[in-house]
1. Per-residue counts of other Cβ atoms within 10 Å, averaged by peptide: what ranking do you get for 234-240, 4-10, highest first?
2. Between Leu288 and Lys312, how high is the FRET efficiency from 1/(1 + (r/R0)^6) when r is the Cβ-Cβ distance and R₀ = 56 Å? Nearest 0.05.
3. Quote to one decimal, in nm, the extra length available between Leu76 and Lys3 on full extension: 0.36 nm per residue of separation minus the C-alpha distance between them.
4. If you add up the charges near Thr193, with Lys and Arg at +1 and Asp and Glu at -1, over every other residue whose beta carbon is less than 10 angstrom from its beta carbon, what do you get?
5. At a threshold of 8 angstrom on Cα-Cα distance, excluding pairs fewer than six apart, so keeping six or more, what relative contact order does the chain reach in percent?
6. What number do you get for region 1-158 when its Cα radius of gyration is normalised by 2.2 N^0.38 Å, N = residues?
7. How big is the charge dipole of region 135-241 about its Cα centre, in debye rounded to the nearest 20, if each Lys and Arg gets +1 on its Cβ and each Asp and Glu gets -1 on its Cβ?
8. Once you sort the root eigenvalues of the Cα gyration tensor of region 78-155 as a ≥ b ≥ c, which label holds: rounded (a/c under 1.5), prolate (a/b larger than b/c) or oblate (the other case)?
Amino acid sequence: MEKLNIGVIGLGAIGQKHCSAIAVLERAKLCAVADINDKVMSSTAAQFGATPYTDVKEMLKHPGLDAVVIATPDDLHRDACVLAAQAGKHILVEKPIATTVEDAQAIIDAAETAGVKLMVGFTLRFSLHYMQARKAASDGTLGDMVSIYTRRENVISQPDRLKGRCGVLMFLGPHDFDAMRWIIGSEPVSVYTQAATSVPSAYPIENETFSIIRFANGVVGCAQIGWFLQDKHPAGRDFKLDIIGNKGSLNLDQMRQGIEIYTQNGAKFPSVSAGLVDEDRAFVDCILDNKTVPVTGQDGLAATRMVLAAMKSIETGQPVNL
């Protein structure tokens with residue numbers, strides 16, 4: 001069986017998860033890992049039987065390397081992606097694709113110039129929860145879409161873990177902003193965001209936000225993004241999605257690990273599963289089978305634009321047009 005030789009750049013929490021996911025894929029082989037932390041790099045390489053590197057440029061010279069997963073801190077994505085593209089390696093980059101429009105566009109341009117595939121890691125697109133929500137929204141089950149609400153609450157220790165390097169919008173926002181755009185099937189035209197200021201922050205970042213998003217097709221969305229759950233919260237997260245159509249509604253609750261669809265014909269409770277392994281499998285398959293990537297650089301750019309608009313809206317107190 002033909003296998004895709006993959007390297008992972010950046011071995012933090014999400015990089016480790018990609019290593020574990022790649023290791024179980026029949027059509028992939030984790031052959032190289034790179035990180036500036038010698039201890040983490042060495043232990044990860046030993047665990048997965050991969051060659052360790054501290055220099056990305058050297059890793060990109062690894063014999064037979066076909067593709068890379070880039071899981072470095074967000075503001076370092078551009079350099080790693082451009083180097084990988086110039087080396088002729090296909091790229092799966094973690095969300096957000098970049099923290100600025102300029103960097104996102106540079107990544108897209110580098111991949112197009114090099115003729116390599118570029119995919120952005122939005123795991124919600126590979127979760128059966130969200131896949132079935134999109135199907136219900138697009139196949140007429142719920143009728144014409146009216147509104148969509150998302151909630152993504154994480155634990156209160158996240159800002160300290162990240163040492164305040166980014167706010168909650170850039171860290172969690174891309175997930176739901178992309179999911180809303182994907183599920184609704186329409187481009188956002190404006191974003192209006194407010195951030196809670198009742199609790200002083202140890203860092204100059206936003207921590208709890210509500211964004212009102214208007215889409216070109218007239219649907220209105222609301223995204224609640226924050227990280228004030230207590231660390232002892234039983235689920236450690238609170239992720240929800242609600243859709244209202246003129247013929248039905250959908251309620252998704254990942255804290256309860258369930259999804260409910262209510263229509264004029266009654267209620268359904270479909271089975272669900274989550275999807276980093278499926279995301280990585282899709283990346284591998286699209287390269288080996290020469291298919292179009294399911295999540296493009298332009299999708300990543302759109303989500304980054306939405307996050308930046310939300311942050312600008314907080315600063316100005318006004319809606320921001322996209």
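The values are calculated or read from the model by the stated rules, or taken from the named source; none is laboratory data. Source: prediction; values computed, not measured. Glycine gets a Cβ as well: all are built from the backbone with ideal geometry, and neighbour counts include every protein chain shown. What goes into the accessible areas is simple: the full protein's heavy atoms, side chains included, and nothing from ligands, DNA or RNA. Shrake-Rupley method; radii C 1.70, N 1.55, O 1.52, S 1.80 Å.
1. For the peptides 234-240, 4-10, the packing ranking is 4-10, 234-240.
2. It comes out at approximately 0.85.
3. Extending this stretch completely gives an extra 23.5 nm.
4. Charge balance in the 10 Å sphere: -1.
5. 20
6. Values: Rg = 17.6 Å, N = 158, 2.2 N^0.38 = 15.1 Å.
Rounded to two decimals, the normalised Rg is 1.17.
7. 220
8. Verdict is prolate for region 78-155.
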